[in-house]
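The values are calculated or read from the model by the stated rules, or taken from the named source; none is laboratory data. The shown structure was predicted, so the numbers you read here are calculated from the model rather than taken from an experiment. As a convention, Cβ positions derive from the backbone with ideal geometry for all residues, glycine included, and neighbour counts pool all protein chains shown.
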């Protein structure tokens, strides 16, 4: 059988890496994963606060 | 109402839960800490000192207030029905009474008595509920730069917390020492020291050291803090061995303020992010606060002044999607 000695092609290595990355990204009990996700959410929240909050509630309604 | 500042404040500052590092006493609801008198500049300054006085570094404020601006944007959770009555007795005394009912069973009523004439010291704030538990503070300004505070907390007849602190406000720094629950007989206690220094008019750096001791055990925790103040934003970061706390406050305009908070605890192995906003519509005497966080909790409070009556109406609701829990509250403030 080819590959009996465990020699994997580059595509299987990439697939393994993708599989472990997906497992890391979806493991809610992992502290590091939660830390990275929440840091990303914090950065996104800061971006929203700085860039999407420039509306004036007291401005007059546009005339249609 | 005379010079009672607390009674005239339409939006009393929420208690600060972030002060957990110090033995846990907070100002009773409806009151804030009185400000320290402004620094009196020395007379007879030389020309060199005059140059420094032209561009002085501002006092950075208290260490515990670094994250306060961001925390004030978030809604306060309240459950049940609450009625608060503010009554000024004289220029020196004010009474705040509130009745809190959770669901249909009365949880307690609390009467707060204070001589909250903020322009005069000492200030005494007391808070007692219907089970006899007392929460009291005495704040005194010893000099223009030094302010001291003594606080007690009891559960019925037993003293639970007692602490004293002294704060020194220099030209461009603030230093605080707090002694919590000292017990000479047992040999236990907690000492907390804070230091905050203005590096530039926008940047302040500081640190906190907590030392605790009891028979057979002692330890210390240190954390560092940095705060950057921009034109319309404040970014603060606190980190140490216990974890990290970052907050970003942004004032978009007079009606809209936003806050983003990140907390990580290395001891609890837990992190969370919260996003909150505050909408002020002064023409409608309305204030709305909303928040959403990474624990799938969505909350909001609505506060409306019912002018010309001296009444404020507060509606609050919090929904925890993960645990399928819903809490709502209704409150009326009179006076």
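From the list B:182, B:215, B:201, pick out the single residue that is in contact (Cβ under 8 Å) with a residue 40 or more places away in the chain, away from chain A (no Cβ under 14 Å) and surrounded by fewer than 17 Cβ atoms within 10 Å (Cβ to Cβ).
Testing whether each residue is in contact (Cβ under 8 Å) with a residue 40 or more places away in the chain, away from chain A (no Cβ under 14 Å) and surrounded by fewer than 17 Cβ atoms within 10 Å (Cβ to Cβ) leaves just B:201.
This table checks each residue for (1) farther than 30 Å from residue B:219 by Cβ; (2) in contact with a strand residue (DSSP E or B) (Cβ under 6 Å, 6 or more places away or on another chain); (3) away from chain A (no Cβ under 12 Å).
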{"position": "B:246", "(1), (2), (3)": "no, yes, no"}
{"position": "B:255", "(1), (2), (3)": "yes, yes, no"}
{"position": "B:282", "(1), (2), (3)": "yes, no, no"}
{"position": "B:316", "(1), (2), (3)": "yes, yes, yes"}
{"position": "B:323", "(1), (2), (3)": "yes, no, yes"}
{"position": "B:326", "(1), (2), (3)": "yes, yes, yes"}
{"position": "B:332", "(1), (2), (3)": "yes, yes, yes"}
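Taking region B:266-300, which residues are in a loop (DSSP other than H, G, I, E, B), in contact with a helix residue (DSSP H, G or I) (Cβ under 6 Å, 6 or more places away or on another chain) and under 21 Å from residue A:43 (Cβ atoms)?
Result: B:294, single match.
What are the residues in region A:42-64 that are closer than 22 Å to residue B:248 by Cα, more than 8 Å from every other protein chain (Cβ to nearest Cβ) and assigned to a loop (DSSP other than H, G, I, E, B), if any?
A:52
For region B:115-231, which strands (runs of 3 or more DSSP E) that fit wholly inside it have 3 or more residues that are under 30 Å from residue B:89 (Cβ atoms)?
Filter on region B:115-231 gives B:123-129, B:134-141, B:146-155, B:158-169.
Looking at (1) more than 13 Å from chain A (Cβ to nearest Cβ); (2) at negative phi; (3) without any contact (Cβ under 8 Å) to a residue 60 or more places away in the chain; (4) surrounded by fewer than 16 Cβ atoms within 10 Å (Cβ to Cβ), which one does residue B:231 not meet, given that it meets all the others?
Of (1) more than 13 Å from chain A (Cβ to nearest Cβ); (2) at negative phi; (3) without any contact (Cβ under 8 Å) to a residue 60 or more places away in the chain; (4) surrounded by fewer than 16 Cβ atoms within 10 Å (Cβ to Cβ), only one is false for residue B:231: (1).
Can you tell me how many residues in region B:100-156 are over 20 Å from the mean Cα position of the chain (by Cα), modelled with pLDDT of 85 or more and farther than 29 Å from residue B:332 by Cβ?
Qualifying residue count for the region: 4.
Scan (1) under 30 Å from residue B:86 (Cβ atoms); (2) free of Cβ contacts under 8 Å to residues at least 60 places away in the same chain; (3) within 9 Å of another protein chain (Cβ to nearest Cβ); (4) assigned to a strand (DSSP E or B) for the single condition residue B:263 breaks and write down its number.
The number of the failed condition is (1).
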